[in-house]
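See below for the structure under consideration.
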Amino acid sequence: MSSGDRRGTLSPDVAVVRTPDERFAGLVDYPFEPNYVSVRAEGIDALRMHYVDTGPRDGPVVLLLHGQPTWSYLYRKVIAVLAQRGLRILAPDNIGFGRSDKPTQATRYTYRRHVDWMTSFVDALDLREVTLVVQDWGGPIGLGTLAARPQRFARVVASNTVLHTSDPSLEGMLTWANFGTGDGRVVLEESLLDYVAYCQRAPELVASTFLYSASGALAPEVLAAYDAPFPDQTYTAGLRQMTGLIPLSRHDPGATIGRATMEALGRWDRPFLTAFSDGDPATRGWETVFQQRIPGAAGRVHPTIADAGHFVQEDKGEELGRVVADFIEVSRRTS
């Protein structure tokens, strides 16, 4: 299927679109040649996933996973630091984002399929001894992949991410509340509900709006790069649906996946580091959850990245890159 082709590949009424290549020409600070791999998930035809692959081919592998509404462009500052430190960087675009395929039917996107697509990516490239770096939805997706393929991962850096389970034990731990209670009720932060509702109901979603709200007055060419994958609303089904996949009750299928992932992390004794910013109420508290519940996080000095919001890669990307590179260096030396 050529760039921009809208022919259906799943069924006669379900199309897949690919953002035209010219939308990605000349993006500021993003000189990377595109790479593609076919990925699979149950109940849907194979799709093409894009990824950045840069740095020395024989260097330790770092897998950088983004969330909503971003794509691999988010990691450009981090990539520059990691490449200078002799690391091989892989930064895929989730299905529905960036240069990856985009089914136009929102219900084709599920939490399970996002995990399966990323697991398929890791398997297809036969990645080993991976340092996993996750932020936003990159956390649930990437940590779900780790739970499915723990033998492929060596260490984890989690920044401004969550793993919603609606578990009652989360009461009092999160700034944005999302937990069940013993009487069959849930407690949800109003801002969380506002966010989910906006993404479902807004007539149009523009990716750069979220970046502008969280990171301030970014340069016009940077905001344009975040909008590049979405020429019109035909391309935004995955962008819109991802927020609808946030588990909001214990009965949500995503909460079931989250609990299984957390159970697997409860056995993870390899190095685990949190590097959250000081300016993201949406994820505040999750760093403590991870530090307390994951054996590999115990006894570590977990940095806080100052003067940064939710998109820490945009606000303090070089600093996050140094944190990741130093963590890899130290943990490899002491393992």
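With a bin width of 10 angstrom, please list the P(r) values of the stretch 166-231 as percents of all Cα-Cα pairs, from the 0 bin to the one holding the largest distance.
P(r) over the stretch 166-231, rounded to whole percents: 18, 32, 26, 19, 4, 0.
Test of understanding: in a Gaussian network model of the chain with alpha carbons linked when under 10 Å, which of ALA282, ALA80, ALA202 would top the mean-square fluctuation ranking?
For the chain, modelled as a Gaussian network with Cα springs under 10 Å, the answer is ALA202.
How high is the relative contact order of the stretch 8-334, given as a whole-number percent (alpha carbon pairs under 8 Å, six or more residues apart)? Present the calculation step by step, with values, prior to reporting the outcome.
Numbers: 657 pairs, mean separation 66.5, N = 327.
Here the relative contact order equals 20 percent.
With the chain treated as a Gaussian network of Cα nodes joined by springs under 10 Å, which of SER72, SER191, SER120 yields the largest mean-square fluctuation?
SER191
Could you give the length gained by full extension between ARG267 and ASP232, i.e. 0.36 nm per residue of separation minus their alpha carbon distance, to one decimal place? If you can, show how the numbers build up before the last one.
Working: separation 35, 0.36 × 35 = 12.60 nm, distance 4.38 nm.
Separation in residues times 0.36 nm, less the Cα-Cα distance, equals 8.2 nm.
Given +1 on the Cβ of Lys and Arg, -1 on the Cβ of Asp and Glu, and no further charges, what dipole in debye does the stretch 245-332 carry about its Cα centre, rounded to the nearest 20?
540 debye
Once you charge only the Cβ atoms, +1 for Lys and Arg and -1 for Asp and Glu, what is the size of the charge dipole of the chain about its Cα centre, to the nearest 20 debye?
Numbers: 34 positive and 40 negative charges, 184 e Å.
That gives a dipole near 880 debye.
Each residue of the stretch 76-88 in turn: what ³J(HN,Hα) in whole Hz from Karplus with 6.51, -1.76, 1.60 and θ = phi - 60°, glycine and Pro shown as x?
4, 6, 5, 4, 4, 5, 5, 5, 5, 8, x, 9, 8
For the stretch 269-335, count all C-alpha to C-alpha pairs, find those more than 18 Å apart, and express that count as a whole percent of the total.
Percent of Cα pairs beyond 18 Å in the stretch 269-335: 39.
By how many nm would the segment from ALA224 to SER169 grow when fully extended, if each residue of separation counts as 0.36 nm and the alpha-carbon distance is taken off? Please list the in-between numbers first.
Numbers: separation 55, 0.36 × 55 = 19.80 nm, distance 4.13 nm.
Extending this stretch completely gives an extra 15.7 nm.
Efficiency by 1/(1 + (r/R0)^6): what FRET value for GLU129 and VAL301, r their Cβ-Cβ distance, R0 = 30 Å, to the nearest 0.05?
Working: r = 23 Å, r/R0 = 0.77.
It comes out at approximately 0.80.
Would you look at the GNM of the chain, springs on alpha carbons closer than 10 Å, and say which of VAL62, VAL186, VAL312 moves the most?
VAL186
I want to check the label-to-label distance for ASP278 and THR334. Put each point 7 Å from Cα in the C-beta direction and report it in nm to one decimal.
2.4 nm
Considering only DSSP beta bridges where both residues belong to the chain, give the percentage that are antiparallel (nearest 5).
Details: 17 of 35 bridges.
In the chain, DSSP labels about 50 percent of beta bridges as antiparallel.
For the chain, what is Rg from Cα atoms divided by 2.2 N^0.38 Å, rounded to two decimals?
Working: Rg = 18.6 Å, N = 335, 2.2 N^0.38 = 20.0 Å.
Compactness ratio reported: 0.93.
Contact order normalised by length for the stretch 202-329, with contacts defined as Cα pairs under 8 Å and 6 or more residues apart; what percent is it? Please list the in-between numbers first.
Details: 119 pairs, mean separation 28.5, N = 128.
Relative contact order, the stretch 202-329: 22 percent.
Which trypsin sites (Lys or Arg not before Pro) does the stretch 126-212 hold that lie in a coil by DSSP with at most 16 other beta carbons within 10 Å? Write down the numbers at each step before the final one.
Working: sites: ARG128, ARG152, ARG155, ARG185, ARG201; in loops: ARG128, ARG185.
Counting only loop positions with at most 16 other Cβ atoms within 10 Å, the trypsin sites (Lys or Arg not before Pro) in the stretch 126-212 are ARG128, ARG185.
If amide H atoms are built 1.01 Å from N in the plane of the peptide, which residues on other chains or at least 5 residues away come under 5 Å of the amide H of VAL17?
Excluding prolines and chain starts, which carry no amide H, the hits are LYS102, THR104.
Want the number for ARG48 to ARG201: 0.36 nm per residue separation, take away the alpha-carbon distance, what's left? Numbers along the way, then the final one.
Working: separation 153, 0.36 × 153 = 55.08 nm, distance 2.85 nm.
Taking ARG48 through ARG201 to full extension adds about 52.2 nm, to one decimal.
Across the stretch 188-195, in residue order, what do the Karplus-derived ³J(HN,Hα) couplings come to in whole Hz, using 6.51 cos²θ - 1.76 cosθ + 1.60 with θ = phi - 60° and x for Gly and Pro?
10, 5, 4, 4, 5, 5, 4, 5
If you count, for each residue, the other Cβ atoms within 10 Å and average over each peptide, how do 295-302, 87-94 line up from highest to lowest?
Numbers: 295-302: 13.5, 87-94: 24.9.
Highest mean packing first, the order is 87-94, 295-302.
Long-range amide H contacts for THR161: which residues qualify at under 5 Å (H placed 1.01 Å from N, peptide plane, sequence gap of 5 or more or a different chain)?
It is ASP136, by chain and number.
Which residues in the stretch 129-168 place their backbone N less than 18 Å from a point set 7 Å from the Cα of ASP183 along the Cα-to-Cβ direction?
Answer for the stretch 129-168: 168.
Read-outs: derived from the displayed coordinates by stated rules, not from any lab. Everything quoted here is computed from the prediction, not taken from an experiment. Note: ideal-geometry Cβ built from the backbone for every residue, glycine included; neighbour counts use all protein chains shown.
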